[in-house]
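Heads up, the thing below is written out as structure tokens.
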Amino acid sequence: MQFFRKKVVHRCARCDKELIHKYKAQAEWNTRGFLCSSCHIEMTKEFITRQQEEKSRLELSLHICTVCKKELLLESDRYRPRWQWNMERGSTLCKGCYDIRSTDYERKLNYCVICETRLGFIRYNPKPKWNIQGQLCRKCWDKENHESH
């Protein structure tokens, strides 16, 4: 006695053609079941164009200064912050805000936070419990360390 298995016939979820090769739809497409090759290609193209349109809409909204919310119309007015400034990824600055951030960063890096003397080769980092942002000269570091004891 032979048992015959029933052949499962899969149909395209979009055009209802019988499938020879099955293509699984991506989760973002909100389609259940399998697709034929032509429907899979069409849905891929549609998905990519939607993503590109969304990206271009986001780029239009990125033309605003992150700090002062000024609209930046020209490409030459847009400045990217340096990675050391700990700003959000993709933020854009106007010329004025960029210059302010740049001078603040240089001041914090090259001058003592307390007495504002220019730092030499040796720099001192404050202890975390002091709650001081920036670097210190030797005299100010010794003074803070003495006061904390």
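The values are calculated or read from the model by the stated rules, or taken from the named source; none is laboratory data. Please read all numbers here as calculations on a predicted model, not as lab measurements. In this analysis, Cβ positions are derived from the backbone assuming ideal geometry, glycine residues included, and neighbour counts consider all displayed protein chains.
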Within the range 21-55, how many residues turn out to be basic (Lys, Arg) and in contact with a Phe, Trp or Tyr (Cβ under 8 Å, 6 or more places away or on another chain)? 2
Any chance the range 64-74 includes a residue that's in a strand (DSSP E or B) and in contact (Cβ under 8 Å) with a residue 24 or more places away in the chain? yes
Just one of 28, 53 is free of Cβ contacts under 8 Å to residues at least 12 places away in the same chain and among the acidic types (Asp, Glu); which is it? 53
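Quick one: which of 95, 45, 22 is modelled with pLDDT of 85 or more and surrounded by 13 or more Cβ atoms within 10 Å (Cβ to Cβ)? Give the derivation first.
Details: 45 fails: surrounded by 13 or more Cβ atoms within 10 Å (Cβ to Cβ); 22 fails: modelled with pLDDT of 85 or more.
On inspection, the qualifying residue turns out to be 95.
With over 19 Å from the mean Cα position of the chain (by Cα), surrounded by 12 or more Cβ atoms within 10 Å (Cβ to Cβ) and among the aliphatic types (A, V, I, L, M) as the only criterion, which of 122, 132, 64 stands out? Give the derivation first.
Working: 122 fails: surrounded by 12 or more Cβ atoms within 10 Å (Cβ to Cβ); 64 fails: over 19 Å from the mean Cα position of the chain (by Cα).
Only one candidate qualifies: 132.
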Residue 90 meets each of (1) within 30 Å of residue 55 (Cα to Cα); (2) part of a helix (DSSP H, G or I) with one exception, condition (2)
